[in-house]
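All remarks here apply to the structure that follows.
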Amino acid sequence: MKIIPRKETGLPLFPDSYYPGPFEKIGVCIHNMAVDSPEPMTLEKAKGRTIVNYQSHKTRYNAIDILEGYDLYNVGGEIVVLECRPWWSNCDAFYGASKLGNKYIGIEVVGNYDVQEPTPLILNGIIDLIVWLYDTKKIKDLDIKGHRDFSYLSKYGATSCPGKNLYAKLDYIREEVKKRIEKLRGGKAQEEKKVIPVQKIEEVEEMRFEFDRKEGNNLVYEMYIPVSPDSIIAIDADVPFHDVEMTIYVKPIVGQILSKNIKVAGWKNKDNYHGGLFKLNQIFPELKEKAWVVVHSPVVIHGGVLK
């Protein structure tokens, strides 16, 4: 699965302040586009379809933006997901979502599943995307719905979306998502020796080192920092409500790479704190010389060295 950020989709860009929110998400709402097919297409065609969706939503619903959070396509035999409306906003993509508190992230799947069957590739892509959303703390629960489940809220009447054939696969999707998350948790449990409790602070931005951000690929963000054994590292996570698990790797000039898992508080969480301070010699008492630190995170991070 490849996730393409909005800035590369051709959709217009708006500041975060443009959108209502943030809203805490408990699951996803699955839709079908009712056009094209689950067969392979080009990336250019996929981007074009998403732009058409954006224009349609603006015209038909007088929406401020495209309605869904993600558009899912088969591009050359590979699942490609285009990032649409910010996941934390009111991106549920069904009329009346605000009555439920905007609790779902809308996923729009290419194809018309009233007449077509979802392919194994498409089903696997939906499952992978939901697992990723859960693993990266974008959804806190695994409430997986189809658009038709919310017809009772809509002034537009009943809908068959996401199509009878895809809707019939929702139980399978739910079971596979649970299996993969359990497997993922099991793998992480084997790797974790100790989770260092976060030392929370109210305003990381006030620290004397201006934060530096480095964005990596679509699934992992990396931040490289030169450190000494007595260094204190500040890290802040760009995600609302949840604590985020990430991994600190230390590479001394001489010696083996060391690693530990940590938790960093996201902004607007229940304690109204965010970020964390981490004393390197407490996390890695065996570190005796200068080194490089790499932080791997599933969400965008800011960070710096205090000393």
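The values are calculated or read from the model by the stated rules, or taken from the named source; none is laboratory data. Treat the numbers as computed from the prediction; the structure is a model and nothing was measured. Ideal geometry is used to build each Cβ from the backbone, glycine not excepted, and the neighbour counts take in all protein chains shown.
Tell me, yes or no, whether region 199-222 has at least one residue that is closer than 21 Å to L82 by Cα and modelled with pLDDT of 90 or more.
No, every residue in region 199-222 fails to be closer than 21 Å to L82 by Cα and modelled with pLDDT of 90 or more.
I need a count of the residues in region 43-83 that are farther than 23 Å from L13 by Cβ and of a type in the set (V, I, T).
Final tally of qualifying residues: 1.
Identify, by number, the condition in (1) in contact (Cβ under 8 Å) with a residue 12 or more places away in the chain; (2) touching a His at 6+ places or on another chain (Cβ under 8 Å) that A63 doesn't meet.
Single failed check for A63: (1).
Of the residues that sit in region 77-132 and are among the hydroxyl-bearing types (S, T, Y) and either assigned to a helix (DSSP H, G or I) or out of contact with any Leu (no Cβ under 6 Å at 6 or more places or on another chain) (or both), which one is nearest to T159 (Cα to Cα)?
The selected residue is Y95.
Of the residues that make up region 37-59, is at least one in contact with a helix residue (DSSP H, G or I) (Cβ under 7 Å, 6 or more places away or on another chain) and either outside any strand (DSSP E or B) or surrounded by 16 or more Cβ atoms within 10 Å (Cβ to Cβ) (or both)?
Our first condition is that a residue be in contact with a helix residue (DSSP H, G or I) (Cβ under 7 Å, 6 or more places away or on another chain); within region 37-59, this holds for 38.
From what is left, the residues that are either outside any strand (DSSP E or B) or surrounded by 16 or more Cβ atoms within 10 Å (Cβ to Cβ) (or both) are 38.
Yes - at least one qualifying residue is present in region 37-59.
Quick check on my filter: what residues within region 1-19 are among the polar types (S, T, N, Q) and in a loop (DSSP other than H, G, I, E, B)? Talk me through it step by step, then tell me what you get.
Of region 1-19, the ones among the polar types (S, T, N, Q) are 9, 17.
Correct list: T9 only.
Working carefully through the options Y249, Y273, find the one that is surrounded by 13 or more Cβ atoms within 10 Å (Cβ to Cβ), modelled with pLDDT of 80 or more, over 25 Å from R6 (Cβ atoms) and of a type in the set (S, T, Y).
Result: Y249 is the single residue among Y249, Y273 that is surrounded by 13 or more Cβ atoms within 10 Å (Cβ to Cβ), modelled with pLDDT of 80 or more, over 25 Å from R6 (Cβ atoms) and of a type in the set (S, T, Y).
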